[in-house]
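Q: First the structure, which I've put down as structure tokens, then a few questions once you've had a look.
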Amino acid sequence: MKPVRRALSALLLSLAVATPTAQAAKFSNVVVFGDSLSDAGYFRPFLAAIGLPGPTVATLGRFTTNPGPVWSELISQYYGVTPGASNAGGWIYAQGGATVATDSPSTPPGFAQRPVSVQITEYLQRSGGRADPNALFAVWAGGNDFLNNFSRLGAGQITPDQFQAAFLGAAQAEVGQIGRLFGAGARYVLVFSLPDLGGTPFALSSGAAASAQASQAAAGYNLTLFAGLRTAGLRPIPVDMFALFTEIRTNPASFGFTNITTPACGPFPPITTSASAQFCIAGVNTVAPNAENTYAFADSVHPTTGAHRVISDFTKSLIEGPTAYSLLAEAPLAMRSAYVQTINDGLAQGQSAKVGRLAAFASVGDGGFEIARGNGTDGLNATNRSYGMGVTMRASEAATLGLGIGRVRGQGNFGGNLGSYEAAEVAYSAFASVKHKGFYGTVIGSLSQTDFRKVERNIALGVSNRIARASTDGSNSSFSLQGGYDFTIDKLSVGPAVTWTSQNVEVEGFSESGGGSAGLKVDSQTRRSEVAGIGVRASYNLGSVTPYIRVTADRERAKSERFVTATPLSLSTGNSYDIAAYQPADNSFITMTGGLRGTIEGWLGYGLQYTKVNSRQGVSEDSISATVSVRF
């Protein structure tokens, strides 16, 4: 039916009001706190001060295989924010060598000590003491707290108990710093765990015992951090780097890595005589061609460009996954519209039966539903095929009653190649219509069970691609009302019309399989819609056939903000977080319905109807239905 639908759409195009597609960003800003793993070039003035030429300074500045970007820059760019270090006017406050809340011995002379606690203070001073509730924040720290205390432990300056107390104290301090952000108004805060430090070249080169101790320390830090966040009632977005790095170590080839144990960078004479990510330029002092993409580590602890790309993709998946899944609650709204249209067709046919007689009808419909990229989502492209049947009884000259059952099959593709779903809905309906002189009214109540199957989310992690799969159930209860008054002039009937439709959608929670470290548990979600419309309808009675049209100006009245709650399956602490669900940018639109209905030999009826939603920014919806009825 799609060619027919497109043809009818073209006929109504002259009446449609075109609106440009929205391209709104999900977040108003991206603000990052941390250490060298997130540093976007804070120490470029230091590089200039030690005598490096300007072009070299511009190329260096990050702790990776320069000039490749670090994850914080990639995430900023993805969400439409120009990345830059905070001392160059940007919003990436991270500084190489920074700890959570103490001074660091690795800060170069002449540079301020800026642990995460100071970085957050700098941001709050810059923002007037409030954290932007629509911004995305990120905190990744603790690595230097480990390195500094581990070195002291190895030198015999502290005992193992003192090492543990200092290191886990840093995790507790990080909980406090994250609490500062939430207390200042932040709603979306990425919190990174430490990776398995025992798998870094630094730990591996120190021997098996040191490697095991580093792994144990990182696991303890992460447990203290995430358990502390949960106890404090804080709900950041937890980025489980320990689980991701474990996957990379288990199967590096799937991520495109050929080396995960030794540095990609060589010396940078005369400044360094060994690998240092701060003084590493891809193709200049890397140890092999394309090492920036095929090695996991630039030096003993810092990721390469290729590894940062994986980290960025992993982080995006935790945000974009729940956002895409929020569209599952939008799909039943369009599915119900397609089904209700078939009921309207059948009911209209039954109104022509003799009083006290029954009529049966069967309908088929085809619909398209599209959400454009923008307004915080990559969009959705869905189609719905509906089938309905029912029986009506002409109870009196004025009233017609009926019962119906229908099935709707839906299929949708999330934008940005994020995945897809299939859905099947079985709906049961009771309906009635009343006509008295020029007055008319129709009411339809429906209940349904929806089966979401073949729900798939595509997860790209660098060159690695995987599919997370799930299935779940849902429901939709709806009530729709149409009414108005027709003025009749000869064969023409025309008059005002009002409509009102409410829907209550629920999508049950589910857990993905096949997502690995990026796998999610998604909680149940609800979506309420309440659309009121006012307009005009007209019809022209040609005897055996009656063409008609109705145009209404509609408004969505249920506009409350909605969230999707998710939990990384890899975290034993069960930290859940909330991501804002898709919400239409425009709640006002125009609905146009046109078609015809007629009879053959008096006992066989037919109908054809086309509906299109116009002027709704970022949303496109249309459907066509055909009905055959038999009067007894």
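The values are calculated or read from the model by the stated rules, or taken from the named source; none is laboratory data. None of the values given here were measured: they were computed from a predicted structure. All Cβ positions, glycine included, derive from the backbone under ideal geometry; neighbour counts span all protein chains shown. Just so you know, the surface numbers come from the protein's heavy atoms only, side chains and all, with ligands and any DNA or RNA stripped out. Shrake-Rupley method; radii C 1.70, N 1.55, O 1.52, S 1.80 Å.
Q: Are there any pairs with C-beta distances below 8 angstrom linking a residue in the range 512-523 that is farther than 17 Å from Asp313 by Cα and open to solvent by 10 Å² or more (accessible area, probe 1.4 Å) to a residue that is among the basic types (Lys, Arg) and outside any helix (DSSP H, G or I), with the two at least 6 apart or on different chains, and if so which?
A: Listed pairs, sorted by first residue: Glu512/Arg457; Glu512/Arg469; Glu512/Lys521; Ser513/Arg469.
Q: Right, another one. Quick one: which of Tyr577, Tyr548 is under 30 Å from Phe439 (Cβ atoms) and among the aromatic types (Phe, Trp, Tyr)?
A: Numbers: Tyr577 fails: under 30 Å from Phe439 (Cβ atoms).
Just one listed residue meets the conditions, Tyr548.
Q: Condition (residue is open to solvent by 20 Å² or more (accessible area, probe 1.4 Å), more than 19 Å from Pro568 (Cβ to Cβ) and without any contact (Cβ under 8 Å) to a residue 12 or more places away in the chain) applied to the range 225-239: is it met by at least one residue?
A: No: zero hits.
Q: Checking Ser570 against (1) in contact with a strand residue (DSSP E or B) (Cβ under 7 Å, 6 or more places away or on another chain); (2) at pLDDT 95 or above; (3) of a type in the set (Gly, Ala, Ser), only one condition comes out false. Which one?
A: Only one criterion is unmet by Ser570, namely (1).
Q: Looking at the structure I just gave you, is Ser211 over 23 Å from Val139 (Cα atoms), open to solvent by less than 30 Å² (accessible area, probe 1.4 Å) and among the small types (Gly, Ala, Ser)?
A: On the way: over 23 Å from Val139 (Cα atoms): yes; open to solvent by less than 30 Å² (accessible area, probe 1.4 Å): yes; among the small types (Gly, Ala, Ser): yes.
Spelling it out, Ser211 is indeed over 23 Å from Val139 (Cα atoms), open to solvent by less than 30 Å² (accessible area, probe 1.4 Å) and among the small types (Gly, Ala, Ser).
Q: When residues of the range 437-467 are filtered for being open to solvent by less than 40 Å² (accessible area, probe 1.4 Å) and in contact (Cβ under 8 Å) with a residue 60 or more places away in the chain, how many remain?
A: Summing the residues that are open to solvent by less than 40 Å² (accessible area, probe 1.4 Å) and in contact (Cβ under 8 Å) with a residue 60 or more places away in the chain in the range 437-467 gives 12.
Q: Taking the stated definitions as given, is Ser206 free of Cβ contacts under 8 Å to residues at least 60 places away in the same chain, touching an Asp or Glu at 6+ places or on another chain (Cβ under 7 Å) and open to solvent by 10 Å² or more (accessible area, probe 1.4 Å)?
A: The answer is no for Ser206.
Q: While we're here: Within the range 494-511, how many residues turn out to be more than 27 Å from Arg537 (Cβ to Cβ), in contact (Cβ under 8 Å) with a residue 40 or more places away in the chain and surrounded by fewer than 17 Cβ atoms within 10 Å (Cβ to Cβ)?
A: Residues in the range 494-511 being more than 27 Å from Arg537 (Cβ to Cβ), in contact (Cβ under 8 Å) with a residue 40 or more places away in the chain and surrounded by fewer than 17 Cβ atoms within 10 Å (Cβ to Cβ): 1 in total.
Q: Then there's this: For Gly474, indicate whether it is on the phi > 0 side of the Ramachandran plot and modelled with pLDDT of 95 or more.
A: no
Q: Mind listing whichever residues of the range 598-632 are of a type in the set (Lys, Arg) and modelled with pLDDT of 90 or more? Write out each step before concluding.
A: Step one: list which residues in the range 598-632 are of a type in the set (Lys, Arg), which gives 612, 616, 631.
Listed by number, the list holds a single entry, Lys612.
Q: Limited to the range 276-319, what total is found for residues that are under 29 Å from the mean Cα position of the chain (by Cα) and open to solvent by 30 Å² or more (accessible area, probe 1.4 Å)?
A: Number satisfying all stated conditions: 3.
Q: Residue pairs, Cβ under 8 Å, 6 or more apart or interchain, first in the range 161-175 and at pLDDT 95 or above, second of a type in the set (Ser, Thr, Tyr) and in a helix (DSSP H, G or I). List them.
A: Short answer, once both residue conditions are applied: Phe167/Tyr221; Leu168/Tyr221; Leu168/Thr224; Ala170/Tyr221; Ala171/Tyr221; Ala171/Thr224; Gln172/Thr224; Ala173/Ser117.
Q: Also, quick follow-up: With the condition kept exactly as written, say whether any residue in the range 476-483 is under 30 Å from Ser576 (Cα atoms), part of a strand (DSSP E or B) and either within 26 Å of the chain's Cα centre (by Cα) or of a type in the set (Lys, Arg) (or both).
A: Keep residues of the range 476-483 that are under 30 Å from Ser576 (Cα atoms), which gives 476-477.
If we keep only those that are part of a strand (DSSP E or B) too, we end up with 476-477.
Now restrict to residues that are either within 26 Å of the chain's Cα centre (by Cα) or of a type in the set (Lys, Arg) (or both): 476-477.
Checked against the condition, which is being under 30 Å from Ser576 (Cα atoms), part of a strand (DSSP E or B) and either within 26 Å of the chain's Cα centre (by Cα) or of a type in the set (Lys, Arg) (or both), the range 476-483 yields at least one hit.
Q: If Asn293 satisfies every condition in (1) polar (S, T, N, Q); (2) within 30 Å of Arg597 (Cβ to Cβ); (3) in contact with a helix residue (DSSP H, G or I) (Cβ under 7 Å, 6 or more places away or on another chain) but one, which is the exception?
A: The failed condition is (2).
Q: Also: Hey, could you check the range 213-236 for residues that are within 13 Å of Phe150 (Cβ to Cβ) and of a type in the set (A, V, I, L, M) and say which is nearest to the chain's Cα centre (by Cα)?
A: My answer is Ala218.
Q: Here are some residues: Arg537, Arg457. Which one is in contact with a helix residue (DSSP H, G or I) (Cβ under 8 Å, 6 or more places away or on another chain) and either in a strand (DSSP E or B) or within 29 Å of Asp240 (Cβ to Cβ) (or both)? Can you show your working first?
A: Values: Arg537 fails: in contact with a helix residue (DSSP H, G or I) (Cβ under 8 Å, 6 or more places away or on another chain).
Sole residue among the options that is in contact with a helix residue (DSSP H, G or I) (Cβ under 8 Å, 6 or more places away or on another chain) and either in a strand (DSSP E or B) or within 29 Å of Asp240 (Cβ to Cβ) (or both): Arg457.
Q: Can I ask one more? For the range 67-119, what are the residues that are open to solvent by 20 Å² or more (accessible area, probe 1.4 Å), closer than 20 Å to Ala307 by Cα and in contact (Cβ under 8 Å) with a residue 12 or more places away in the chain?
A: Pro67, Pro69, Leu74, Tyr78, Pro83
Q: In addition: Does the range 320-345 hold any residues that are among the β-branched types (Val, Ile, Thr), more than 19 Å from the chain's Cα centre (by Cα) and more than 14 Å from Phe479 (Cα to Cα), and which are they?
A: Once the filter is applied, which keeps residues that are among the β-branched types (Val, Ile, Thr), more than 19 Å from the chain's Cα centre (by Cα) and more than 14 Å from Phe479 (Cα to Cα), the range 320-345 yields only Thr342.
Q: In the range 52-97, which residues are touching a Phe, Trp or Tyr at 6+ places or on another chain (Cβ under 6 Å) and among the aromatic types (Phe, Trp, Tyr)?
A: Across the range 52-97, the qualifying residues are Tyr79, Tyr93.
Q: Which one of Ser629, Ser570, Ser560, Ser620 is under 29 Å from Ala324 (Cα atoms) and assigned to a strand (DSSP E or B)?
A: Ser620
Q: Still on this structure, I have one more. Output the residues belonging to the range 186-201 that are of a type outside the set (A, V, I, L, M), surrounded by 24 or more Cβ atoms within 10 Å (Cβ to Cβ) and part of a loop (DSSP other than H, G, I, E, B).
A: Within the range 186-201, Ser193, Pro195, Thr200 meet the criteria.
Q: For the range 560-616, which residues satisfy the criterion of being among the aliphatic types (A, V, I, L, M) and either touching a Leu at 6+ places or on another chain (Cβ under 8 Å) or in contact (Cβ under 8 Å) with a residue 60 or more places away in the chain (or both)?
A: Correct list: Val564, Ala566, Leu569, Leu571, Ile579, Ala580, Ala581, Ala585, Ile590, Met592, Leu596, Leu608.
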